[in-house]
Each structure stands twice: as structure tokens, then as C-alpha cells.
Amino acid sequence: MTLLDVMIAVDGLTIFADGDNASVIRVEDGKQRAYRLKIDSLIRDGDIAANVDILPGDIIIIPEAWF
């Protein structure tokens, strides 16, 4: 499953989400690592390089946008 698949499954982002400051938390070798996601760039601009694989157990964190 990719990040775009996840966004389609959840009907995208709300107007309150700061998609380009999102991150995914992944456990690798027993340690948690955080990776930056560019969800707005993927959805609004079509930046296919931002379409990363999402693995079972990954946690996606999307902060609230500041207006």
C-alpha cells in the first residue's frame, strides 16, 4: 500500500491538516524512526516522488495547520 492509497481510503485531508509537515513513524531494527511526508505535494501538485510505501504497523501523524 502506498501513501496515495491511504489518502484515497480516508477521503484525503481536511482543510485543517498540514499535510506537508506530516510524518510516518516506523519501527526498524527494534527502534522507532520518523520520516517526513509531503502529503499536500502528492495530492495537490501530483509529486509522485512523495508517494512512498506504507508498511503494516506504520503510524501516520498529520499535524494541524496554522492559519
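Laboratory data are not the source of any read-out in this text; all were calculated from the coordinates shown. For clarity, every value in this text was computed on a predicted model and none was experimentally measured. Cβ sites come from the backbone with ideal geometry, for glycine too, and all protein chains shown count toward neighbours.
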message: Strictly greater than 15 Å: what percent of every Cα pair in the stretch 3-61 meets that?
response: 48 percent
query: Dipole size in debye (nearest 20) for the chain around its Cα centre, Lys and Arg Cβ +1, Asp and Glu Cβ -1?
result: 180 debye
message: Using Cβ contacts closer than 10 Å as the measure, can you line up Met7, Met1 from fewest to most?
response: Met1, Met7
